[in-house]
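The values are calculated or read from the model by the stated rules, or taken from the named source; none is laboratory data. Fair warning: this is a prediction, and the values are worked out from it, not measured in the lab. Here Cβ is always computed from backbone atoms with ideal geometry, including for glycine, and neighbour counts include all displayed protein chains.
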């Protein structure tokens, strides 16, 4: 992602102030930047947030695999600087999540919801951050908590599908940049909302747009839906 963002900026109106890989010092980078964009790892999140706070600049967080603890420290950081956190910076996925929420809100509970995703063999977290983002959108549409209705990893004699469950299935292989489908399975009919990522440029493009939008915003926590005004 760092390379994709750097390549995109090389042909655009904005200047890349630098990059920070494992072992680097994000604070030094933040001191000469207008905004930080973080696509690293959950273990690096603390240092990157501290760097943004120390420099008093916004930060876009596209890192996935975050746990509840990470969201707590993001909430704390958002009291000091503008923070945009998302499981996917694609503008298409952002709109897809909006459609999923609207669809879940309008279809009755007899419609089962399943989230299917596939990524390249090197991806280490599952379900993907995007799958969870879509699951959260579906749960929000139904007015329920995803954590209380999420169903993952079926194997063996699982019994019937629980009413109101939001199921997840993760596939890994090859060089797939990202495939996501949300299936609404109702009585005698099925609706599928889907998105295909052809390469990582779409995520870089969305991240740059998010960074542009975040500069100058009031302190707080934002999402990609805010960027699109959804």
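Report, by residue number, each residue of the range 101-121 that is closer than 14 Å to residue 144 by Cβ and assigned to a helix (DSSP H, G or I).
Within the range 101-121, 101, 104, 105 qualify.
Can you name every residue in the range 64-107 that is free of Cβ contacts under 8 Å to residues at least 60 places away in the same chain, closer than 25 Å to residue 18 by Cβ and buried (at least 21 other Cβ atoms within 10 Å of the Cβ)? Don't jump to the end; show me each part of the working.
First pass over the range 64-107, keeping only residues free of Cβ contacts under 8 Å to residues at least 60 places away in the same chain: 67-73, 76-77, 87, 101-102, 105-106.
Checking which are closer than 25 Å to residue 18 by Cβ leaves us with 70, 73, 77.
Correct list: 77 only.
Tally up the residues in the range 1-32 that are under 21 Å from residue 85 (Cα atoms) and within 23 Å of the chain's Cα centre (by Cα), please.
Count: 15.
Counting just the residues of the range 110-120 that are surrounded by 12 or more Cβ atoms within 10 Å (Cβ to Cβ) and closer than 15 Å to residue 187 by Cα, which one comes out farthest from the chain's Cα centre (by Cα)? Working first, answer last.
Just the residues of the range 110-120 that are surrounded by 12 or more Cβ atoms within 10 Å (Cβ to Cβ), to begin with: 111-120.
Those still in the list that are closer than 15 Å to residue 187 by Cα too: 111-114.
On the way: 111: 25, 112: 23, 113: 19, 114: 18 Å.
Taking the candidates together, the pick is 111.
So, residue 171, is that one outside the structural domain of residue 35 (by TED's automatic domain parsing), in a strand (DSSP E or B), in contact with a strand residue (DSSP E or B) (Cβ under 9 Å, 6 or more places away or on another chain) and surrounded by fewer than 18 Cβ atoms within 10 Å (Cβ to Cβ) or not? Let's see the steps before the verdict.
Numbers: outside the structural domain of residue 35 (by TED's automatic domain parsing): yes; in a strand (DSSP E or B): yes; in contact with a strand residue (DSSP E or B) (Cβ under 9 Å, 6 or more places away or on another chain): yes; surrounded by fewer than 18 Cβ atoms within 10 Å (Cβ to Cβ): yes.
So residue 171 passes the test.
Would you please name the residue that is surrounded by the most Cβ atoms within 10 Å (Cβ to Cβ), looking only at residues in the range 177-207 that are assigned to a loop (DSSP other than H, G, I, E, B) and touching a helix residue (DSSP H, G or I) at 6+ places or on another chain (Cβ under 9 Å)? Spell out how you get there, then give the answer.
Taking the range 177-207 first, the residues assigned to a loop (DSSP other than H, G, I, E, B) are 177, 187-188, 198-200.
Among the residues that remain, those that are also touching a helix residue (DSSP H, G or I) at 6+ places or on another chain (Cβ under 9 Å) are: 177, 199-200.
Values: 177: 16, 199: 11, 200: 18.
The selected residue is 200.
Does residue 16 satisfy being touching a residue at least 60 places away in the same chain (Cβ under 8 Å), touching a helix residue (DSSP H, G or I) at 6+ places or on another chain (Cβ under 8 Å), assigned by TED's automatic domain parsing to the domain that holds residue 205 and part of a loop (DSSP other than H, G, I, E, B)?
Working: touching a residue at least 60 places away in the same chain (Cβ under 8 Å): no; touching a helix residue (DSSP H, G or I) at 6+ places or on another chain (Cβ under 8 Å): yes; assigned by TED's automatic domain parsing to the domain that holds residue 205: yes; part of a loop (DSSP other than H, G, I, E, B): yes.
No.
In the range 214-230, what residues are touching a strand residue (DSSP E or B) at 6+ places or on another chain (Cβ under 9 Å) and not in a helix (DSSP H, G or I)? Break it down stepwise before answering.
To start, the set of residues in the range 214-230 that are touching a strand residue (DSSP E or B) at 6+ places or on another chain (Cβ under 9 Å) comprises 214-224, 226-227.
Hits for the range 214-230 are 215, 216, 217, 218, 219, 220, 221, 222, 223.
Residue 211: surrounded by 16 or more Cβ atoms within 10 Å (Cβ to Cβ) and either in contact with a helix residue (DSSP H, G or I) (Cβ under 8 Å, 6 or more places away or on another chain) or part of a strand (DSSP E or B) (or both), yes or no? So that I can check it myself, show each step before the final result.
On the way: surrounded by 16 or more Cβ atoms within 10 Å (Cβ to Cβ): yes; either in contact with a helix residue (DSSP H, G or I) (Cβ under 8 Å, 6 or more places away or on another chain) or part of a strand (DSSP E or B) (or both): no.
It is false that residue 211 is surrounded by 16 or more Cβ atoms within 10 Å (Cβ to Cβ) and either in contact with a helix residue (DSSP H, G or I) (Cβ under 8 Å, 6 or more places away or on another chain) or part of a strand (DSSP E or B) (or both).
Considering each of 109, 42 in turn, give the residue that is modelled with pLDDT under 95 and touching a helix residue (DSSP H, G or I) at 6+ places or on another chain (Cβ under 6 Å). Explain how you work it out, then say what you get.
On the way: 109 fails: touching a helix residue (DSSP H, G or I) at 6+ places or on another chain (Cβ under 6 Å).
It is 42.
For the range 32-56, give me each residue that is in contact (Cβ under 8 Å) with a residue 40 or more places away in the chain and surrounded by fewer than 23 Cβ atoms within 10 Å (Cβ to Cβ).
From the range 32-56, those in contact (Cβ under 8 Å) with a residue 40 or more places away in the chain are 34-35, 37, 39; that's our starting set.
Passing the criteria: 34, 39.
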